[in-house]
Amino acid sequence: MKLVSRNFATPDSHKLAVYEQSGGYARIRKALEMEPQKIIDEVITSNLRGLGGAGFPAGRKWSFLPKGNPKPRYLVVNADEGEPGTCKDKYIMTYDPHLLLEGIMIASWAINSHTCFIYIRGEYVKQARILEEAIAEAKAAGYLGDKIFGKDFPLEVIVHRGAGAYICGEETSLLNSLEGQRGWPRLKPPFPAVEGYLACPTIVNNVETISYVPWVIELGGQKFAELGSERNGGLRLYSVSGCVNKPGVYELPMGTPLREIIFEHAGGLPEGRTLKAVIPGGSSAPVLTAAEIDIPMDFDSLAKAGSMLGSAGIIVFDDSVNLVEALAVLIRFYAHESCGQCTPCREGTGWMRKIIARVLDGGGRPADPDNLLRIANNIIGRSICPLGEAASLPVIGFVTKFRAEFEEYIATSRKVDAPATTSRMAAAL
Amino acid sequence: MKNDGYSVTNKIMADSITTEQTQPAVFSPAAFKEAEAIIARYPSRDSATLPILHLAQREFGYISPAVEQLAADLLQRPVTDIHGVVTFYTMFNQKPVGKYHIQICRNISCWLKNAPGLLEHLKNRLGIDVGETTPDGKFTLTAIECLAHCEQAPAMQVNDDIITNLTKEKIDTLIGDLK
Ligand SMILES: Cc1cc2nc3c(=O)[nH]c(=O)nc-3n(C[C@H](O)[C@H](O)[C@H](O)COP(=O)(O)O)c2cc1C
Ligand code: SF4
Ligand code: FES
């Protein structure tokens with residue numbers, strides 16, 4: 001079954017006429033006949049979860065908007081797609097921009113917002129252009145603008161390009177960035193639903209989350225919920241990359257077993273290779289061993305297993321991969337992307353980077369696995385935003401589950417006076 | 001994002017001391033009109049900062065102190081605020097870049113598909129290190145983070161285009177074709 005990926009292979013699927021032929025813009029027409037609260041109720045019933053990473057139930061988020069606040073409300077679509085291993089929102093924006101727009105229209109009607117920003121990563125130049133063209137088409141048809149579908153309800157959609165900062169995918173950093181500031185995350189509370197863009201009530205949702213909203217309206221909340229697993233409604237897009245035969249983006253039900261995704265949909269591993277490890281939900285999600293992949297891919301099951309579904313960016317490592325070096329890539333990334341506001345995150349990611357660099361340089365010390373764990377554990381719970389945790393959890397996962405590999409690496413590559421300058425780190429990264 | 005910690009503040013101070021006086025930057029009439037249209041789209045003037053800087057980079061190639069001043073005047077913001085924004089985001093070039101800005105992804109999915117080998121190949125082929133520009137001003141080489149094309153790794157960006165499923169041969173052909 002396909003929902004948001006249904007049109008991906010259709011020629012000219014990004015055009016309004018083609019979208020309407022496939023039943024597009026029928027759901028917004030239906031939604032405009034519904035009471036906004038009824039739509040929110042359907043989305044709650046649907047168990048549609050936030051697919052940007054945190055998995056917060058979409059309908060519940062929408063119902064946190066304060067009642068009786070006279071300020072304008074904003075909808076912000078998170079199209080930053082920065083989490084390494086994640087490449088799914090790109091398909092929606094490239095091949096079905098009108099689906100996203102229809103979702104935006106329904107969500108805006110439901111939450112009574114008249115301005116939507118799509119915050120899209122700066123590198124998505126092509127996708128930003130496709131979205132602009134789709135918006136222009138929708139405007140010309142009277143689907144956006146002063147009176148959408150003839151109804152006394154104005155709606156503008158503005159595409160806003162980021163400029164290369166992973167942290168701007170974090171919702172409060174994104175809002176600061178949208179306000180033209182450095183992308184420093186804000187302390188929560190207040191949550192964006194109460195005080196977001198320009199201190200106005202703001203709903204931030206991922207591209208994919210919003211793109212499932214038309215399907216919730218079409219199928220009804222109950223039916224959508226039944227397509228997934230318990231408390232995880234519907235389907236989602238899984239991005240699969242790394243050591244598999246058919247890397248790609250696959251739309252499958254919530255709760256699909258990880259083994260099935262890797263070995264059936266993504267074509268398994270190359271001939272002669274065996275599975276060593278899998279990151280199930282984007283680079284921030286703690287790694288799973290080959291023995292742990294018989295797990296339903298939904299938010300609750302992965303949380304129970306000590307990992308997270310996150311953005312469902314599945315990264316596969318086979319037996320040829322050196323996991324010490326793989327972790328070094330991740331540590332370097334988080335050290336680079338820490339915004340520097342909180343001391344534990346800024347300094348901690350920097351120290352972890354220094355330690356893993358010396359390990360790769362042959363100067364690792366027997367205590368270094370524990371040094372890494374100690375630093376990681378000292379970041380968690382002491383940071384403004386979840387990047388601190390996102391940087392720490394992979395370290396804890398890799399070092400704990402593959403400790404022997406770290407110890408062996410340190411023991412066998414150890415030099416007495418490791419020259420700090422001839423960095424294998426640089427070569428490995 | 002560049003994590004320089006507290007050195008960011010020092011850098012801002014150092015820059016403001018060493019910046020030599022340059023000619024003011026001026027938008028072409030067409031770019032100026034575009035800038036006004038951008039600003040009109042937003043409920044707050046500050047919110048137009050990123051799109052104005054993107055526009056300025058398209059017009060001038062990079063964001064010099066003079067371009068920061070231009071953006072500051074247009075947006076009615078202190079130039080130090082603009083500098084703070086420019087230094088936060090990796091996509092804004094503070095130095096001139098080559099005609100072709102080659103940015104290769106070095107993050108995990110690309111790393112698994114030999115991104116380090118391709119980066120070495122690019123360095124040798126262009127005869128420059130990461131962060132440098134060829135003497136003829138044609139190519140700048142940068143290593144960047146995930147481009148969200150992990151399923152088609154390894155990936156790189158050349159100006160506005162993203163090129164995927166890279167091999168050494170593919171890189172050679174491409175570089176040969178770029179005039
Ligand atoms: C460091 C960091 C990076 C994030 N990057 C993204 C991103 O690129 N795209 C996204 O949709 N959400 C991202 N998120 C999650 C957002 O903060 C937020 O939870 C999400 O956009 C809410 O939408 P959803 O409920 O529909 O998932 C990120 C979070 C963190 C902490
Ligand atoms: S946790 Fe890290 S990225 Fe998040 S606000 Fe603090 S320093 Fe910045
Ligand atoms: S890791 Fe290179 S594109 Fe994602």
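All but one of (1) within 16 Å of ligand 3 (Cβ to nearest atom); (2) assigned to a helix (DSSP H, G or I); (3) touching a helix residue (DSSP H, G or I) at 6+ places or on another chain (Cβ under 6 Å); (4) not small (Gly, Ala, Ser) hold for A:ILE130; which doesn't?
All conditions are met except number (1).
A quick yes/no check of all residues on (1) under 27 Å from the mean Cα position of the chain (by Cα); (2) under 26 Å from A:ILE203 (Cα atoms):
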site: A:ASN7; (1), (2): yes, no
site: A:VAL18; (1), (2): no, no
site: A:LEU32; (1), (2): no, yes
site: A:GLU35; (1), (2): no, yes
site: A:ILE39; (1), (2): yes, yes
site: A:ILE44; (1), (2): yes, yes
site: A:GLY53; (1), (2): yes, yes
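How many residues does segment B:83-114 contain that are more than 16 Å from ligand 1 (Cβ to nearest atom), over 24 Å from A:GLY183 (Cα atoms) and within 7 Å of another protein chain (Cβ to nearest Cβ)?
So the count comes out to 2.
In this structure, does A:TRP109 turn out to be of a type outside the set (Lys, Arg), within 12 Å of ligand 1 (Cβ to nearest atom), farther than 30 Å from B:HIS149 by Cα and assigned by TED's automatic domain parsing to the domain that holds A:ASN206?
no
Of all residues in segment A:359-387, count the ones that are within 16 Å of ligand 1 (Cβ to nearest atom) and either outside any helix (DSSP H, G or I) or among the basic types (Lys, Arg) (or both).
Matching residues across segment A:359-387 total 7.
Working only within segment A:97-134, note down all residues that are touching a residue at least 60 places away in the same chain (Cβ under 8 Å), crowded, with 24+ Cβ neighbours inside 10 Å and among the acidic types (Asp, Glu).
Listed by number, the list holds a single entry, A:GLU102.
Just wondering, is there one or more residues in segment A:396-415 that are at pLDDT below 55 and more than 21 Å from A:LEU275 (Cα to Cα)?
Within segment A:396-415, none of the residues are at pLDDT below 55 and more than 21 Å from A:LEU275 (Cα to Cα).
Looking at segment A:344-400 only, could you name the residues that are surrounded by fewer than 24 Cβ atoms within 10 Å (Cβ to Cβ) and within 9 Å of ligand 2 (Cβ to nearest atom)?
A:PRO344, A:ARG346, A:ARG382, A:SER383, A:ILE384, A:CYS385, A:PRO386, A:GLU389
Restricting attention to segment A:309-333, which residues are over 30 Å from A:ARG231 (Cα atoms), more than 9 Å from chain B (Cβ to nearest Cβ) and buried (at least 19 other Cβ atoms within 10 Å of the Cβ)?
A:VAL324, A:LEU327, A:ALA328, A:ILE331
Got at least one residue in segment A:270-284 being under 21 Å from the mean Cα position of the chain (by Cα), away from every other protein chain (no Cβ under 14 Å) and aliphatic (A, V, I, L, M)?
no
The values are calculated or read from the model by the stated rules, or taken from the named source; none is laboratory data. Worth saying up front: this structure is predicted, and the values here are computed from it rather than measured. Every residue, glycine as well, gets a Cβ built from its backbone with ideal geometry; the counts of neighbours run over all protein chains shown.
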